[in-house]
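Everything on this sheet refers to the single structure shown next.
The values are calculated or read from the model by the stated rules, or taken from the named source; none is laboratory data. Just so it is clear, the model here is predicted, and its values are computed rather than measured. Methodologically, a virtual Cβ is constructed for each residue, glycine included, from the backbone with ideal geometry; neighbour enumeration extends over all protein chains shown.
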Amino acid sequence: LKSMLARPDLVCEDTLVAGAWVQAASGNTFDITNPARGDVIAKVPDLSVDEVAQAIAAADDARKPWAALAAKERSNVLRKWFDLMMKHQEDLAIIMTAEQGKPLAEARGEIAYGASFVEWFAEEAKRIYGETIPGHMPDKRITVIKQPIGVAVGITPWNFPNAMIARKVAPALAAGCGFVIKPSELTPLSALAMAKLAQEAGVPDGLFSVITSSDAAAVGKAFCEHPAVRKLTFTGSTQVGRILLAQAADQVIKCSMELGGNAPFIVFDDADLDAAVEGAIACKFRNNGQTCVCANRIYVQAGVYDAFAAKFKTAVEALKIGDGMSDGTTLGPLIEPKAVTKVQSHLEDALSKGAEILTGGKPHDLGGQFFEPTIVTNATKEMLVSTDETFGPFAPLFKFDDTDDVIAQANDTIFGLACYFYASDLSRVTKVAEALEYGIVGVNTGIISTEVAPFGGVKQSGLGREGSSHGIEDYLEMKYICTSV
Ligand code: ADP
């Protein structure tokens, strides 16, 4: 891996804790494997909860002088971090593809996407405005100021090893907080490379630490038990989100949660079918189906069902499966063996309940964690895939007749992150967008992620929003000052 990079030192086998690059005190490490080939590409320190406490204490010390800087000075450091991420985009992308498996073109896109949050929050650092309120008595003056919440901790998943970190750490640092991140144990190399560049950009020692650990549950607990922690931000499964929320209750830690989804993708009779197919490919198969905003259930109105299915099949069969490092690959491997098992279980369940395979349907000839992109028709609400996120290249097509009925089906889930629909009638577009119980609605588009808009879910998909001018609020506290004059 190092031999492919302009900056081989961006592959870090130490981790940044309390301002120093270290090994675990225990000497323990764990392996990072390439999901396309199964070989070990690096070993990183396996830290203990003692090192978690050191990192939090250092962040608590470092945050005070950091918050005391003029906002523009914090902004300049973040801006420099953004510039370094973009300067080393290719190296960061190669590291990501090696540990995560996504095609290199997607990895490059993710680096730019992650960096865009750093750029955005470098700018927002300067716009943490308060307010003045006319007093309630002649001698009272009321001012509202916003201050950094304190030490923030984050836990992130493997599907976006850079961007999920960037959109938490950047607003926290912009606001004047310290931050301790625990990246996924499957993809810590991207986090470590980001930390190296953050240090080069001038992020002060101790302000930002990275906890590499194979024991996520212990780290999560240690985060919630440390008295200096005031904010917990998590992206991952709803199941783990519930555990963390319960643990955070003891110290009443403010939480942001980006949890699972079960995105419906609806194609109405009046949709532009070619655009709908393009959107479905982008939103179902990006990252090989492993995103929390991937279409999980594709509903197609009866009048265009067969036409859509035929075009969709052609587009899916044109996808190129392979090692993400190879030219032209559009679909990489799944992240780990249990991800393949999950796709298979959703497929088998669907087939046992009357679904029919239109294309794909089995492990790919490449073996390992490669699976054929699969479409089934005749999907119904009795199938597992209608309630559970597949997180893989499995696209079930449901047929519907009536608008109210499809809205009811789309909303019949505990989740509420992203949804998508294709239609052209203006009145229908407006009504359907309002009726869908989701935090994000894509209308005639399958791609909705951008740093300028608020990303987040309703219902059991989460709490809080990331990105946009709202994304910094999670790292701020409001203080109301009542002055008698
Ligand atoms: P996924 O299914 O996407 O892997 P998880 O929710 O299991 O989602 O993982 C997301 C992140 O949560 C990872 O960094 C993982 O290590 C971490 N994690 C898993 N279990 C726990 C736990 N009990 N407490 C805290 N973090 C956890």
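Considering only residues of segment 375-393 that are farther than 20 Å from residue 301 by Cα and crowded, with 19+ Cβ neighbours inside 10 Å, which is nearest to the ligand (Cβ to nearest atom)? Among them, the one singled out is 391.
Scanning segment 278-292 for residues that are of a type in the set (A, V, I, L, M) and either modelled with pLDDT under 95 or buried (at least 23 other Cβ atoms within 10 Å of the Cβ) (or both) returns a single hit, 280. Between 99, 123, the distinction of being crowded, with 16+ Cβ neighbours inside 10 Å and of a type in the set (Asp, Glu) belongs to 99 only.
Kindly indicate the residue of segment 294-307 that is of a type in the set (A, V, I, L, M, F, W, C) and buried (at least 24 other Cβ atoms within 10 Å of the Cβ) and also farthest from residue 263 (Cα to Cα) among those meeting that condition. The selected residue is 300.
Taking first residues from segment 165-194 that are under 13 Å from residue 208 (Cβ atoms) and partners that are among the hydroxyl-bearing types (Ser, Thr, Tyr) and within 14 Å of the ligand (Cβ to nearest atom), the Cβ contacts under 7 Å between residues at least 6 apart in sequence or on separate chains come to 165/156; 168/233; 181/156; 182/213; 183/156. Within the set 130, 135, the sole residue that is surrounded by fewer than 24 Cβ atoms within 10 Å (Cβ to Cβ), within 21 Å of residue 473 (Cα to Cα) and either modelled with pLDDT under 95 or not hydrophobic (A, V, I, L, M, F, W, C) (or both) turns out to be 130.
Considering only segment 470-485, state which residues are among the small types (Gly, Ala, Ser) and surrounded by fewer than 17 Cβ atoms within 10 Å (Cβ to Cβ). Across segment 470-485, the qualifying residue is only 484.
Which of the residues belonging to segment 363-382 are over 18 Å from residue 319 (Cα atoms) and in contact with a strand residue (DSSP E or B) (Cβ under 6 Å, 6 or more places away or on another chain)? The answer is 377, 378, 379.
Any residue at all in segment 143-152 that's closer than 26 Å to residue 106 by Cβ, at pLDDT 95 or above and either within 16 Å of the ligand (Cβ to nearest atom) or surrounded by 24 or more Cβ atoms within 10 Å (Cβ to Cβ) (or both)? Looking for residues that are closer than 26 Å to residue 106 by Cβ, at pLDDT 95 or above and either within 16 Å of the ligand (Cβ to nearest atom) or surrounded by 24 or more Cβ atoms within 10 Å (Cβ to Cβ) (or both), one finds none in segment 143-152, hence no.
Being buried (at least 16 other Cβ atoms within 10 Å of the Cβ) and under 11 Å from residue 298 (Cβ atoms) is the requirement here; does residue 403 meet it? When the stated conditions are applied, residue 403 does not pass them. Listed by position, the strands (runs of 3 or more DSSP E) enclosed by segment 384-485 that each have at least 1 residues that are more than 18 Å from residue 265 (Cβ to Cβ) and either free of Cβ contacts under 8 Å to residues at least 40 places away in the same chain or of a type in the set (S, T, N, Q) (or both) are 476-484.
Could you check segment 259-274 and list, in sequence order, the residues that are part of a helix (DSSP H, G or I) and acidic (Asp, Glu)? Answer for segment 259-274, where residues must be part of a helix (DSSP H, G or I) and acidic (Asp, Glu): just 274.
Among the residues in segment 169-182, are any in a strand (DSSP E or B), under 15 Å from the mean Cα position of the chain (by Cα), within 14 Å of the ligand (Cβ to nearest atom) and farther than 16 Å from residue 113 by Cα? Within segment 169-182, one or more residues are in a strand (DSSP E or B), under 15 Å from the mean Cα position of the chain (by Cα), within 14 Å of the ligand (Cβ to nearest atom) and farther than 16 Å from residue 113 by Cα.
Part of a helix (DSSP H, G or I) and within 14 Å of the ligand (Cβ to nearest atom): does that describe residue 165? Walk me through how you get there before you give the answer.
On the way: part of a helix (DSSP H, G or I): yes; within 14 Å of the ligand (Cβ to nearest atom): yes.
Considered against the rule, which asks whether it is part of a helix (DSSP H, G or I) and within 14 Å of the ligand (Cβ to nearest atom), residue 165 comes out as yes.
Read through the list (1) of a type in the set (D, E, K, R); (2) buried (at least 18 other Cβ atoms within 10 Å of the Cβ); (3) in contact with a Pro (Cβ under 8 Å, 6 or more places away or on another chain), then give the number of the only condition that residue 14 fails. Tallying (1) of a type in the set (D, E, K, R); (2) buried (at least 18 other Cβ atoms within 10 Å of the Cβ); (3) in contact with a Pro (Cβ under 8 Å, 6 or more places away or on another chain), residue 14 fails exactly one: (2). Taking the numbered list (1) in a strand (DSSP E or B); (2) closer than 30 Å to residue 32 by Cα in turn, residue 158 passes all entries but (1). All conditions in (1) in contact (Cβ under 8 Å) with a residue 40 or more places away in the chain; (2) assigned to a strand (DSSP E or B) hold for residue 132, with the sole exception of (1).
Can residue 97 be described as hydroxyl-bearing (Ser, Thr, Tyr), outside any loop (DSSP other than H, G, I, E, B), closer than 30 Å to residue 366 by Cβ and touching a residue at least 60 places away in the same chain (Cβ under 8 Å)? In short, yes.
Counting only strands (runs of 3 or more DSSP E) that fall entirely inside segment 2-74 and contain at least 2 residues that are touching a strand residue (DSSP E or B) at 6+ places or on another chain (Cβ under 6 Å) and without any contact (Cβ under 8 Å) to a residue 40 or more places away in the chain, the qualifying elements are 29-33, 40-45.
Among the residues of segment 320-341, are any assigned to a helix (DSSP H, G or I), in contact with a Pro (Cβ under 9 Å, 6 or more places away or on another chain) and acidic (Asp, Glu)? No. Among residues that are of a type outside the set (Asp, Glu), at positive phi and buried (at least 17 other Cβ atoms within 10 Å of the Cβ), residue 461 is not included.
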